[in-house]
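Scroll down for the structure; my scribbles are underneath it.
Each reported figure results from applying straightforward, stated rules to the coordinates on display, with no laboratory input. Keep in mind that this is a model prediction, so the values were computed, not measured. Note: ideal-geometry Cβ built from the backbone for every residue, glycine included; neighbour counts use all protein chains shown.
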Amino acid sequence: MPGSVNRWSIRHLPAPHTIDFLIAMGFCVIAAYVSGVRPSSSVLFLPCVLILQFLLVSWVSLLLSCVFVLARDIEHIYQVFLRALLFLTPVFYTRSFLGDGLAHYLVVLNPLAHMIDLSRSILLDGALPSGERLLGLLLVNGLLVAIAFRLFKSFEPRLAEYV
């Protein structure tokens, strides 16, 4: 229609990372199907894991936002920590692979390990997550979000001075 303004713009598109995620997820679904992995009804619990992951990312982000502004050099230490975390998170191995040594206890303390275990059991094993485990992770992550938010709010007046 002449004279009408096209209200569609780049702002209405999802974030580029979301598009990358969806493309990668499509390839993962195809690879899983070719490998013989068939979805079960337990996949319906995957949004619960995504909510837990959102809470985990929220409290970590709130804490790191305070730390990064006050101590900018911590970013380099954090990068090294992330590399170590990659190996301490059972993505390419199961927790039982570690045995009962120190590495096992480090993985138990790793919050990402619980998310990976839940996702693996839902997607690959077709197992339903226990309500106790979901509730426990929800309570712990919810508490940590509340603590991190309170800390962020207490630092907020001083954060503007450091930016």
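List of remarks:
- Put in order of Cβ neighbour count within 10 Å, fewest first, the listed residues R83, R38 become R38, R83.
- Label zone at L70 (point 7 Å along Cα-to-Cβ), backbone N below 19 Å, region 139-163: 144-163
- Between region 21-68 and region 98-163, the Cα center-to-center distance that results, in Å: 13 Å
- Gain on full stretching of the segment that runs from E161 to V60 - 0.36 nm per residue minus C-alpha separation: 34.2 nm
- Note on A84/F27: beta-carbon distance plugged into 1/(1 + (r/R0)^6) with R0 of 35 Å gives a FRET efficiency of 0.80.
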